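These notes concern the structure reproduced below.
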Amino acid sequence: MFQTVTKALAVLTISTALLSTSALAEPISIKFSHVVAVDTPKGLAAEFFKKRAEVLTQGKVKVELYPNSQLYKDKEEMEALQLGAVQMLAPSLAKFGPLGVKEFEVFDVPFIFDGYDDLHTVTQGPAGQKLLDKLEPKGIKGLAYWDNGFKSFSCNTPIKTPADLKGKKMRIQSSKVLEEQMRELKSIPQVMPFSEVYQALQTGVVDGTENPISNFYTQKMHEVQKNMSITDHGYLGYAVIVNKKFWDGLPADIRTQLEVAMKEATDYANDIAKSSNEKDLESVKASGKTEVTMLTKEQRAAFKTALLPVQDKMASRIGQETIDSVRQAVGAKK
Ligand code: LMR
């Protein structure tokens, strides 16, 4: 009798312990780090993903967002993802070269896309998927492309012709194609993490930069740049990536729910990108701090001509096959 009671008590204790472990089961945590402000296409899409992921998984997943380089800067965040210190990032496509996936620099080729529609034929089609697949040997899974927009040049002196950038120190992202782009304009490229750009402009470490307006405005670059010309000469967008081991190790049902959340967040990101940049352009103009020049068709064409050699010079780095698949997707003729 005594033995039976002891056994029953033991069973009860074990099952209570099991019950409380499962009731208190820790949610799966996804740390999502990025370098831009919350009120940008990427920042807002990350918030959207967090909400949908937590709802669809009924709280089994918790997404922790770390915007504005508060956790890691550009280069560090890639390393942190590979080490598993964070699970999700959305770096600019211009930042995959140092990882050894140089093909992504095709997105940096000046004037290769004539607008968002052109671009989507790549990012939402087989050519874009093929590029994402190249990340897998690096322990990274590419989930989606999120838009930001088309870049403009800013500087402390007016920019109306390519010659206006001659001799200027220009901050760029870590892409060899962007380096070549600046060299074609006879300016001096300086690779620098995004988080350091404001200060570098303020202190004169660099004279100018290039970015979509949403990044320019939300980092307050208009406070430290006298001129900006709407050149729309190149694209800046993102690949949303996860640590592959983490992703493959998720329970299948959770992974499916996260895929749905990502699909919704991608539609949202690509919906708001254009209007978000347009809104911020109005804010830059209204600030009265940066003189915004809308280039004429002829002025913009002069930049296109000046930057045309970049594609051929960089073909061996990017890979002709990748360039051809992008050109084929956008239907461009050489
Ligand atoms: C930059 O470094 O200029 C951009 O890549 C920042 C970003 O993530 O949009």
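All but one of (1) of a type outside the set (S, T, N, Q); (2) more than 15 Å from the chain's Cα centre (by Cα); (3) within 16 Å of the ligand (Cβ to nearest atom) hold for residue 94; which doesn't? Single failed check for residue 94: (2). Among the residues making up segment 77-91, those that are more than 13 Å from the chain's Cα centre (by Cα) and open to solvent by less than 10 Å² (accessible area, probe 1.4 Å) are 80, 81, 86. Of the residues 225, 219, the single one that is open to solvent by less than 10 Å² (accessible area, probe 1.4 Å), within 16 Å of the ligand (Cβ to nearest atom) and touching a residue at least 24 places away in the same chain (Cβ under 8 Å) is 225. For segment 21-46, filtered to residues that are surrounded by fewer than 17 Cβ atoms within 10 Å (Cβ to Cβ) and more than 14 Å from the ligand (Cβ to nearest atom), the residue that is farthest from residue 273 (Cα to Cα) is 21. Apart from one condition, residue 62 fits all of (1) within 16 Å of the ligand (Cβ to nearest atom); (2) modelled with pLDDT of 95 or more; the exception is (1). Flag not set for residue 105, criterion: of a type outside the set (A, V, I, L, M, F, W, C), open to solvent by 40 Å² or more (accessible area, probe 1.4 Å) and part of a helix (DSSP H, G or I).
One residue is enough: does segment 231-242 have a residue meeting the conditions among the polar types (S, T, N, Q), under 21 Å from residue 105 (Cβ atoms) and at pLDDT 95 or above? Scanning segment 231-242 turns up at least one residue that is among the polar types (S, T, N, Q), under 21 Å from residue 105 (Cβ atoms) and at pLDDT 95 or above.
The values are calculated or read from the model by the stated rules, or taken from the named source; none is laboratory data. Note that the structure is a prediction, hence the values are computed from the model and not measured. Ideal geometry is used to build each Cβ from the backbone, glycine not excepted, and the neighbour counts take in all protein chains shown. Only protein heavy atoms, including side chains, enter the accessible area calculation; ligands, DNA and RNA are left aside. Shrake-Rupley method; radii C 1.70, N 1.55, O 1.52, S 1.80 Å.
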